[in-house]
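Here is the structure we will look at.
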Amino acid sequence: MIINIVIKDKKMTTQTARTTILTTPDFKIWLSNEAKTEGISVSELVRLRCKAKLNDDEILLKALIKEVRKSTKEAKASLTKGLKSANEILSELRSYNNESC
């Protein structure tokens, strides 16, 4: 991280820190367009969006997304376990079927 310190009248009055963010080319274009639409720089857009307070709907949506992610992870684990069990049973049935022929 590069730190730029602006010195005015031999006294530090403003500090900025440079942060590099790696994105896809499409996301970079989107960020630039959003900033241009709002009439601000990309840096200001990022600062405003990151510091913005969430309203009640956004807080609820964030909680729902968290719950969906958790449930999806649990569902995937359950499906994996169920498929493994089903494949074991199918193998046993095939083995039994092959022995009886």
Practice prompt. Among 33, 17, 95, flag the residue with its Cα farthest along the positive direction of the charge dipole of the chain, charges on Cβ as +1 for Lys/Arg and -1 for Asp/Glu.
Written response: 17
Discussion item. If the only charges are +1 at each Lys and Arg Cβ and -1 at each Asp and Glu Cβ, what is the size of the charge dipole of the chain around the Cα centre, to the nearest 20 debye?
Written reply: 660
Worksheet item: Given q = 0.11, 0.25 Å⁻¹, what are the Debye log10 I(q)/I(0) values for the chain, with equal point scatterers placed on the Cα positions and solvent ignored?
Response: -0.70, -1.21
Worksheet, complete the sentence: With only helices counted (DSSP H, runs n ≥ 4, each -39500 (n - 2.57)), the per-residue ellipticity at 222 nm for the chain, to the nearest 500, works out to -24000 deg cm²/dmol
Practice prompt. Using 0.36 nm per residue of separation minus the Cα-Cα distance, give me the extension gain between residue 85 and residue 50 in nm, one decimal.
Written response: 8.1 nm
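Laboratory data are not the source of any read-out in this text; all were calculated from the coordinates shown. The model shown is predicted, which means the values in this text are computed figures rather than measured ones. With ideal geometry, Cβ positions are generated from the backbone for all residues, glycine too; neighbour counts draw on all protein chains shown.
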